[in-house]
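Below: the structure, in structure tokens.
Here, each number is a calculation from the coordinates, and none is a lab measurement. Everything numeric in this text was worked out from a predicted model, so none of it was measured. Backbone-built Cβ (ideal geometry, glycine too); neighbour counts: all protein chains shown.
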């Protein structure tokens with residue numbers, strides 16, 4: 001690539017490869033890197049053998065945050081979605097890192113009849129926008145794998161290795177569908193329903 005710094009090229013011995021983030025240009029038909037300067041810089045901070053030294057750099061793809069629900073702003077939801085395109089899957093180092101982050105984030109309770117990922121994270125957090133503590137349901141980390149580059153051009157969409165369609169994906173990202181069970185999540189509840197039926201998919205309130 002004319003004018004490119006030799007440091008920009010991928011070192012095969014490093015676990016974290018350069019030019020991870022690519023975009024397809026519909027005009028020229030080629031793939032182009034969209035990695036920011038800091039992303040390239042921090043990859044050069046890595047040693048030439050990050051696998052040997054146990055050093056790994058991973059960015060966060062999409063934080064999904066619902067700050068206004070059926071209880072106005074007093075009940076909120078959050079999760080981290082790791083996106084993989086062109087049929088790729090997380091490597092071992094990334095899976096290990098994501099699993100640890102998932103355990104740190106989780107705060108939903110475990111119920112005998114509902115096999116979901118539980119956790120001991122905080123359930124009430126201070127909101128800068130609300131200027132008070134609010135209930136937060138943290139759904140941890142989830143992996144979204146596309147066969148193409150977006151849901152529109154993908155023949156296969158996998159959510160945590162489970163095949164879904166575009167409508168289900170939209171519902172998941174809006175927290176209308178439970179990110180863990182893929183069943184309806186009753187945040188947008190019928191106002192006539194009593195409180196005990198508001199969160200049927202989770203067995204109760206926070």
Q: Just grab the label-to-label distance for residue 125 and residue 41, each label 7 Å out from Cα along the Cβ direction, in nm (one decimal).
A: 2.7
**Q.** Ranked list, fewest to most other Cβ atoms within 10 Å of each Cβ, for 35, 82
**A.** 35, 82
(Q) Between residue 73 and residue 117, how high is the FRET efficiency from 1/(1 + (r/R0)^6) when r is the Cβ-Cβ distance and R₀ = 30 Å? Nearest 0.05. (A) 0.75
**Q.** Footprinting exposure proxy for 58, 98, 79 (fewest neighbouring C-beta atoms within 10 Å first)
**A.** 58, 98, 79
